[in-house]
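Please read the structure below before turning to the comments.
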Amino acid sequence: MNGTRRAVVLGWCLAVGAAGARAAEPPLLVTVTPWGPSTEVVEAARRGVLTSLDVRRVVGKADVAMVSFELVEARQAPGRPTIPPNAYRALLVDYTRNRAYEVTGALRGGRPRIELTDEQPEPDDDERSRALAIVTRDPELGPAILAGRLLPYPPMPPLVDADFPVGAAPRTVALGLAAGAPGAVHEIVGVDMINGKVVRYQRRAPVSSRAEGVVCGPPNASQPTTSRGTAGQMTITITKGGQTIWSMLAIRPAVSSGTRASGVELKDVFYRNKKVFARAHVPILNVHYDGDACGPYRDWQWQEGMFVARGRDVVPGVRVGNGAPPESMVDNGSDNGNFRGLAIYVDDSSVHMVSEMQAGWYRYVSQWTFDSDGTIHPRFGFAGVSDSCICNIHHHNAYWRFDFDVAGAANNQIYEITGGTPVLQTAEFKHLRAPGRTWKVQSSSTGEAYTLVPGADDGIADTYAKADAWGLVGKGAAELDDGINCTTCAASTIQIDTFIGPEALTASSDVVVWYGVHFDHDINDETLAEEPHHMLGPDLVPSGW
């Protein structure tokens, strides 16, 4: 069965209605249709990288592993429907020569291109398992791990000396060893993947990390995660009484766009057949600590973790339910789950899309809620598992990028409203939140608009976080994110101020609004009852629709 026909059949079969909807009001129905390359196509391309004759000619008999695989977005014409990805980018680590390679090619055949690269890819689950095998052979640490006195976990940062170019130092994966029995000592070691050696540190942890006897947070469940690059793009249509309320392209975190991915990503979002977004996602996520106790870190969002989701798997990595809402770690305080990917939950008046991600000891929740009245609730959640660093006060920052196409790709204007008075923004800007301040994006030709209303707990940016909102002329993929690809570096802060230029915001502009939330996390001063405050984000409210 070809991919197109399979998608149509699945889309027709997978309509799910809200349970218990009032008889007088028709239920919301959700139809999920696979979009883009199928699981079979993606996995065949992934397997083909290391078996390619072109790749084997370059790497020879070296010990080589593929650590990263991602889909590459197709070139996109402004204002046109999104085109499915048709290419991939893989990063290989050569443990024999201490090199790294970038391999690019078409998903459906063709000869790949292979080049040396200085980029240090983050380790995936397979490389972490390989690192654990090396530590298990250590005469002191190995028996303690096998006996359960030391419990392995992925720490932050995941690589030691990752800011050095490939080859300048041995590739060294960090591995945490938590105390699992009385007398055991918490430690984070480095694993020299080139020489197969364990590196131990005087402070029991590398620089920018911490391993102490005191740890905070719930236990790490150590469940499998989803690495970058898989199938997981779909069209979602939400109807009510035979009328289309919402339609969009939804993308799970593992295949989301951007230098370090961007959570649950949406494209081509329409409300009642009028366009709202070309794209909406969270391309930048970082955290800094008081007194630089750890970090700072620029986190990634492609690594999907497990959370609780009930319902039915309609396509791989997508679960739809209407009996009970999904429960992430932010909801129940537990790192255990039964599903990873995108969970869709339907109730009487809304459709919710949820995914949980992890980066080292951090757990993040990417969530979107679409109400039948047109209101959109983007949310981002913050949590963490047992570790020494998160005992210290730290500050998470997540930044949405809303590429508005209100009633069309052009003719959008931004108004800032403080105290009820709309002020047209005629130049690109960055601003802080203020009491009662909102931002309105309105079509200058039709009058439809969406107003961004900050959440009560969204916080105010400090000097590290830089700002709360930026208004920019849209430049498509040219300013998708700031291009920073490091976990620990001086550039871990958001670097989009350079996007502010001399361009005017005119009545014919395509506009982009960046919006940040800031979560001050003091794990020693909270209870589970306060967990809802770990979910931050604005409301986007329509008018003139």
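If the condition is being part of a strand (DSSP E or B) and more than 20 Å from R312 (Cα to Cα), then region 355-365 contributes M357, Q358, A359, Y362, R363, Y364, V365. Restricted to strands (runs of 3 or more DSSP E) entirely inside region 268-354, those with at least 2 residues that are surrounded by fewer than 22 Cβ atoms within 10 Å (Cβ to Cβ) and touching a residue at least 60 places away in the same chain (Cβ under 8 Å) are 274-289.
Scanning region 428-458 for residues that are within 20 Å of A280 (Cβ to Cβ) and small (G, A, S) yields S443, A449, G455.
Counting the residues of region 179-216 that are on the phi > 0 side of the Ramachandran plot and more than 31 Å from the chain's Cα centre (by Cα) gives 2. The residue that is farthest from L132 (Cα to Cα), among those in region 178-197 that are touching a helix residue (DSSP H, G or I) at 6+ places or on another chain (Cβ under 7 Å) and part of a strand (DSSP E or B), is V189. No other residue among R228, R204 is within 24 Å of F339 (Cα to Cα) and either free of Cβ contacts under 8 Å to residues at least 60 places away in the same chain or in a loop (DSSP other than H, G, I, E, B) (or both) apart from R228. Under the condition of being surrounded by 19 or more Cβ atoms within 10 Å (Cβ to Cβ) and either within 17 Å of V189 (Cα to Cα) or over 25 Å from the mean Cα position of the chain (by Cα) (or both), the residues counted in region 114-123 number 3. Beta carbons closer than 9 Å, at least 6 apart along the sequence or on distinct chains, pair a first residue in region 455-483 that is among the hydroxyl-bearing types (S, T, Y) with a second that is crowded, with 18+ Cβ neighbours inside 10 Å and outside any loop (DSSP other than H, G, I, E, B) for Y464/N286; Y464/H288; Y464/H395; Y464/N397; Y464/S492. When region 212-252 is limited to residues that are farther than 19 Å from V314 by Cβ and among the basic types (K, R), the one that is surrounded by the fewest Cβ atoms within 10 Å (Cβ to Cβ) turns out to be K240. Applying the condition of being in a strand (DSSP E or B) and of a type in the set (A, V, I, L, M) to region 367-404 and asking which residue is farthest from the chain's Cα centre (by Cα) yields I376. None of R111, R80, R97, R89 is part of a strand (DSSP E or B) and of a type in the set (K, R) except R89. Could you please let me know if G471 is modelled with pLDDT of 95 or more and buried (at least 21 other Cβ atoms within 10 Å of the Cβ)? Answer is yes for this residue.
A search for C-beta distances below 6 Å between a residue of region 362-374 that is crowded, with 24+ Cβ neighbours inside 10 Å and any residue that is hydroxyl-bearing (S, T, Y), counting only pairs 6+ apart in sequence or on different chains, returns V365/S328; S366/S355. When region 336-357 is filtered for residues that are closer than 22 Å to S256 by Cβ and among the acidic types (D, E), only E356 remains.
The values are calculated or read from the model by the stated rules, or taken from the named source; none is laboratory data. Source: prediction; values computed, not measured. Neighbour counts are summed over all protein chains in view; Cβ atoms, including those assigned to glycine, are modelled from backbone coordinates with ideal geometry.
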